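See below for the structure under consideration.
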Amino acid sequence: MRSRLTRRRWLRFGAAGVVSRPLASLFGRPGKLFFGMNFSPFLDGQSPGTPISEEQIRSCLKILAPYTSWVRTYTSTGGLERAGAIAHQLRLKAAVGAWLGRDPVENERQLAAGIACARSGCADMLVVGSETLLRGELSTRQLAITCKERDDQFPKKSPSPLRTDSHRRSITGS
């Protein structure tokens, strides 16, 4: 399966690369254009909720690998639970997301999948509830409680999950 990166996307990547190149050198990955990139492997006609194959994830990550050190997913279900392991095979670090919203059942699925990924060593960082405050789907208190209730489920050898919204307001800290 072949991914297409349009000229417009490359221009956006290039502009971000100018800013992130000094960061890549600072954190030990000189020569990479970007320190990290958000990873969404959906191709034409696909959207969140569409099951994504391991082959498609690998194909998309191979395109990004020469340009970055980290990839960040927004969800840990629908096939993306394998993204961290595939990223590691390509010598990339993985920030795996657990997408939280209004549906408590789906939130539990996301958290369980994200925690399983972290416990298996496939996530270098777990990002929980990113942008949920921006969308107004959970309150700050609800997000903090959701994360705190699961602190004992995270691997002891790794740092605590990143728990912030998209505007860098700290929700909880460990």
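Checking the condition β-branched (Val, Ile, Thr) and either modelled with pLDDT under 90 or loosely packed, with under 11 Cβ neighbours inside 10 Å (or both), which residue from Val71, Val18 passes?
The conditions single out Val18.
Exactly one condition in (1) assigned to a helix (DSSP H, G or I); (2) modelled with pLDDT under 90; (3) not polar (S, T, N, Q) is not met by Glu55; state its number.
(2)
Can you find a residue that is of a type outside the set (Phe, Trp, Tyr) and at pLDDT 90 or above anywhere in the range 35-52?
The answer is yes; a qualifying residue exists.
Which of the residues belonging to the range 89-99 are over 13 Å from the mean Cα position of the chain (by Cα) and at pLDDT below 95?
Arg91, the sole residue that qualifies.
Would you say Pro48 is in contact with a Ser or Thr (Cβ under 9 Å, 6 or more places away or on another chain) and of a type outside the set (S, T, N, Q)?
For Pro48, the condition - in contact with a Ser or Thr (Cβ under 9 Å, 6 or more places away or on another chain) and of a type outside the set (S, T, N, Q) - is met.
So which helices (runs of 4 or more DSSP H) stay within the range 68-164 end to end and still have 1 or more residues that are acidic (Asp, Glu)?
Filter on the range 68-164 gives 104-119.
Can you pull out the residues in the range 48-102 that are more than 20 Å from Arg119 (Cβ to Cβ) and of a type in the set (S, T, N, Q)?
Thr50, Ser53, Gln56, Ser59, Thr68, Ser69
Kindly establish whether Gln89 is surrounded by fewer than 16 Cβ atoms within 10 Å (Cβ to Cβ) and not aliphatic (A, V, I, L, M).
Answer is yes for this residue.
The values are calculated or read from the model by the stated rules, or taken from the named source; none is laboratory data. Computed from a predicted model, the values in this text were never measured in an experiment. Cβ atoms come from the backbone with ideal geometry, glycine included; neighbour counts cover every protein chain shown.
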